[in-house]
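Only the coordinates and a few stated rules stand behind these numbers; no lab work does. Note that the structure is a prediction, hence the values are computed from the model and not measured. Here the Cβ positions follow ideal geometry from the backbone for every residue, glycine too, while neighbour counts run over all protein chains shown.
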Amino acid sequence: MSQKDPLFCRRSGINETPVENELFLIAGDSGDIFHLDQMAMAIWRALETPAGQADLLALFAEAFPETPTATIERDLAAALATLLQGELIETCD
């Protein structure tokens, strides 16, 4: 049985606060504030609609064709891990 690429989605109760060209997320339950770097901000925006890691990788590879896929994959995995750890996104069905 093959493991399906899980879909990621934004957690509910997260408030966005844009400041100039930056984005801060505020967790509604804890009040914790998270500053998103450019990669995390792009992922957050892309996850307006649930998407899997493969979908996100394809999106970023198309947006940055000059960047090696392995680099994008590494950066994407790190940013997803940070967003998951901060409980800003979650896996969804």
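General observations
- The phi-based Karplus calculation (6.51 cos²θ - 1.76 cosθ + 1.60; θ = phi - 60°) puts the 3J(HN,Hα) values of the range 12-22 at 6, x, 9, 9, 9, 9, x, 9, 6, 9, 10 Hz, whole numbers, x for Gly and Pro.
- Here the extension length gained between T67 and T17 equals 15.1 nm, from 0.36 nm per residue of separation less the Cα-Cα distance.
- Full extension of the segment from L7 to E48, taken as 0.36 nm per residue of separation minus the current Cα-Cα distance, would add 13.6 nm.
- Here's how it looks for D5: its modeled amide H is under 5 Å from none belonging to a residue 5 or more places away or on a different chain.
- Close amide H contacts of R11 (hydrogens built in the peptide plane, cut-off under 5 Å, sequence separation of 5 or more or a different chain): I89, E90.
- Radius of gyration and maximum dimension Dmax of the chain, Cα, Å: 13.5, 47
- By average C-beta atoms within 10 angstrom, highest first, the peptides 52-61, 67-76: 52-61, 67-76
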